[in-house]
Structure formats: structure tokens, C-alpha cells
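One structure is given here, and the rest of the page talks about it.
The values are calculated or read from the model by the stated rules, or taken from the named source; none is laboratory data. The structure presented is a predicted model; accordingly, all values stated were derived computationally and were not measured. Cβ placement follows ideal geometry from the backbone for every residue including glycine, while neighbour counts extend to all protein chains displayed. Ligands, DNA and RNA are excluded from the accessible area calculation, which covers all protein heavy atoms including side chains. Shrake-Rupley method; radii C 1.70, N 1.55, O 1.52, S 1.80 Å.
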Amino acid sequence: PRLVAGGFSLVGPSSHIFKHTDMYAPHLLRMHLGVRVPPGIEFLVKGKPLPWQEGKCIVFSGQDEHEVINHGDDWRVVLLADFD
């Protein structure tokens, strides 16, 4: 009942989602479930690396600055879910 939104996030080879916050809804908790996490992926929250693992979840605040860097040559896929 607290689920607000969900979907898949794909980041292609040699791509970068620059540092950002989810200002549209700063009170949300964001969950990432690793679906496909090839080598060469960096996920930084507040400047600190958080390792994604396939089949494992990471939960963080939408207010926290975060970014994704794909240094590899394969796609990264995570399932996103936002909770109120």
C-alpha cells in the first residue's frame, strides 16, 4: 500500500547518470533490486560506493545525491520501486 511508483532502469555500456536527487518527492524511499549487474558498474550514494548484486536490494532516501557510472560493455538493469 505504500508503493508509489515502480519500473525498470537500464543503463547502457559506457554511460553515466550524473549526480542528482529526486527533488520531486524528497520524502520517498527508493529501492533498487539488481536484475542484471555486470562488472564495471559504479553506484554512488552521497559520494560513497554501494555495490549492487543481482537478486539483492538497496534502499536509500530520494533526498540523497546519487549517480550511476557504467564503465563496462554490458547493460545494467535494476527494478526501481518508490515507497512513501
Taking the range 1-21 and keeping only residues that are free of Cβ contacts under 8 Å to residues at least 60 places away in the same chain and in contact with a Gly (Cβ under 7 Å, 6 or more places away or on another chain), one is left with Thr21
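With exposed (fewer than 13 other Cβ atoms within 10 Å of the Cβ), closer than 16 Å to Leu3 by Cβ and of a type outside the set (Gly, Ala, Ser) as the only criterion, which of His20, His32, His27 stands out? If you could, list the steps in order and put the result at the bottom.
Values: His20 fails: closer than 16 Å to Leu3 by Cβ; His32 fails: exposed (fewer than 13 other Cβ atoms within 10 Å of the Cβ).
Criteria check complete, one pass: His27.
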In the range 64-84, anything open to solvent by less than 20 Å² (accessible area, probe 1.4 Å), touching a residue at least 60 places away in the same chain (Cβ under 8 Å) and not acidic (Asp, Glu) is listed as Arg76, Val78, Ala81
